[in-house]
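**Q** Handing you this structure, nothing more for now.
The values are calculated or read from the model by the stated rules, or taken from the named source; none is laboratory data. Quantities reported herein were computed from a predicted structural model and do not represent experimental measurements. Note that each Cβ is placed from the backbone with ideal geometry, even for glycine, and that neighbours are counted across all protein chains shown. Each accessible area value is taken on the protein alone, full model and side chains, heavy atoms only, with ligands, DNA and RNA left out. Shrake-Rupley method; radii C 1.70, N 1.55, O 1.52, S 1.80 Å.
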Amino acid sequence: MSLFGENLQYYRKRNDMTQEQLAEHLDVSRQTVSKWEAGASYAEMEKLLQLCDLFSCTLDALLRKDASESEVEDNQQHRKHMKEFRLWITCGVALLVFDVAFYEILAGFGRINEAVQDTFFMMLAIVGILILVVQGLKDADYRKKHPSLKDFYTPEEKEEFDSRFPAKIAAGIGLILVGMLVGMNAESLPLRQNMNEQFYYGIFLIFVTAAVSILIYTGMNKQEYDINAYNRENELKMNEKNTLVAVWCGCIMLLATIVFMVAGLIFHLWEICWIAYPIGGMLCGMAVLILNRQK
């Protein structure tokens with residue numbers, strides 16, 4: 001039996017399909033499928049591609065690798081990647097929110113040099129943005145190497161997570177509500193000498209940082225179990241132009257966020273700095289039109 005035949009038999013049995021059912025799906029005879037599995041004949045490229053779509057595997061995995069070992073390796077790699085990805089994305093977003101909180105707390109003391117505050121703010125913002133950019137590129141590279149996966153999460157794993165999911169979401173929302181109480185009552189709370197209400201707004205944002213961390217980490221963990229959604233997203237991203245559009249739009253909106261935060265926190269232009277987002281949106285639209293035109 002050839003390696004292709006062994007892999008075909010493995011994938012067919014894994015999907016609880018008989019040779020007759022597989023033959024019907026591919027519009028061939030049962031004898032043809034039997035010959036493929038026995039190594040007596042070889043499938044045409046069109047049928048190979050159909051098999052890859054049917055079994056959610058790559059052509060390389062179907063023809064050149066041991067299917068059972070490849071799936072175990074994919075399982076371990078996927079779990080490791082998704083754990084690291086959601087951890088670093090959570091850290092990056094949390095760092096950006098904490099950056100604003102830290103700035104407000106320093107401002108609340110009133111005696112710290114404004115240039116020092118701005119320096120710390122920009123340093124933390126740069127680190128947070130770089131974390132998001134690097135992890136986004138790593139995830140794009142991983143998805144390119146693993147465009148399709150089999151759903152290897154067991155029903156018990158999904159059920160166990162689903163049982164904890166509502167409590168985690170409620171905890172995140174609860175932290176935001178507690179933080180809102182602090183922020184809404186900042187003016188009435190006791191202030192020490194040389195401190196102002198900005199200190200309590202910073203405390204409110206600390207609560208938001210914790211809440212955002214919980215919600216993002218839990219949401220991404222929930223998304224990890226939806227392998228079908230992962231495969232659908234990758235099908236949409238297979239076109240190189242679509243990936244390029246996403247990269248350009250992501251960079252434009254990151255730049256808009258930097259402009260918004262710098263204009264507001266450093267130059268105190270809150271009344272007009274919001275215009276960075278509409279402009280960023282228009283630039284994204286222009287990027288889509290130009291790239292699609294090239295396509």
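**Q** Within the range 197-222, can you find the residues that are open to solvent by less than 30 Å² (accessible area, probe 1.4 Å), closer than 13 Å to ASP99 by Cα and among the aliphatic types (A, V, I, L, M)?
**A** Listed by number, the list holds a single entry, VAL208.
**Q** May I pose another question? What about MET220, is it among the aliphatic types (A, V, I, L, M) and at pLDDT 75 or above? Give the derivation first.
**A** Details: among the aliphatic types (A, V, I, L, M): yes; at pLDDT 75 or above: yes.
Against the criterion (among the aliphatic types (A, V, I, L, M) and at pLDDT 75 or above), MET220 qualifies.
**Q** Taking the residues in the range 105-161 that are surrounded by 16 or more Cβ atoms within 10 Å (Cβ to Cβ), within 18 Å of the chain's Cα centre (by Cα) and of a type in the set (A, V, I, L, M, F, W, C) as candidates, determine which candidate is farthest from TYR11 (Cα to Cα).
**A** Per the criteria, the residue is ILE129.
**Q** Within the range 42-58, count every residue that is open to solvent by 60 Å² or more (accessible area, probe 1.4 Å), in a helix (DSSP H, G or I) and modelled with pLDDT under 85.
**A** 1
**Q** Looking at the range 146-153, is at least one residue part of a helix (DSSP H, G or I) and out of contact with any strand residue (DSSP E or B) (no Cβ under 8 Å at 6 or more places or on another chain)? Don't jump to the end; show me each part of the working.
**A** Just the residues of the range 146-153 that are part of a helix (DSSP H, G or I), to begin with: none.
For the range 146-153, residues part of a helix (DSSP H, G or I) and out of contact with any strand residue (DSSP E or B) (no Cβ under 8 Å at 6 or more places or on another chain): absent.
**Q** Is there any pair with a first residue in the range 225-243 that is at pLDDT 70 or above and a second that is among the basic types (Lys, Arg) whose Cβ atoms are under 6 Å apart and which are 6 or more apart or on different chains, and what are they?
**A** Listed by first residue and then by second, the contacts come to TYR225/LYS158; ASN234/ARG143.
**Q** Tell me, please, whether a residue that is touching a Ser or Thr at 6+ places or on another chain (Cβ under 8 Å), under 22 Å from LEU149 (Cα atoms), surrounded by 14 or more Cβ atoms within 10 Å (Cβ to Cβ) and among the small types (Gly, Ala, Ser) can be found in the range 59-74. Step through it out loud before you land on a result.
**A** Step one: list which residues in the range 59-74 are touching a Ser or Thr at 6+ places or on another chain (Cβ under 8 Å), which gives 61.
Next, only the ones that are under 22 Å from LEU149 (Cα atoms) stay: 61.
Filter once more, keeping what is surrounded by 14 or more Cβ atoms within 10 Å (Cβ to Cβ): 61.
Retained after the next criterion (residues that are among the small types (Gly, Ala, Ser)): 61.
Yes, the conditions are met somewhere in the range 59-74.
**Q** Take the residues of the range 13-24 that are within 35 Å of the chain's Cα centre (by Cα) and at pLDDT 85 or above: which is least open to solvent (accessible area, probe 1.4 Å)? Give the derivation first.
**A** Restricting attention to the range 13-24, the residues satisfying the condition of being within 35 Å of the chain's Cα centre (by Cα) are 13-17, 22.
Checking the rest, the ones that are also at pLDDT 85 or above come to 17, 22.
Numbers: MET17: 34, LEU22: 0 Å².
Result: LEU22.
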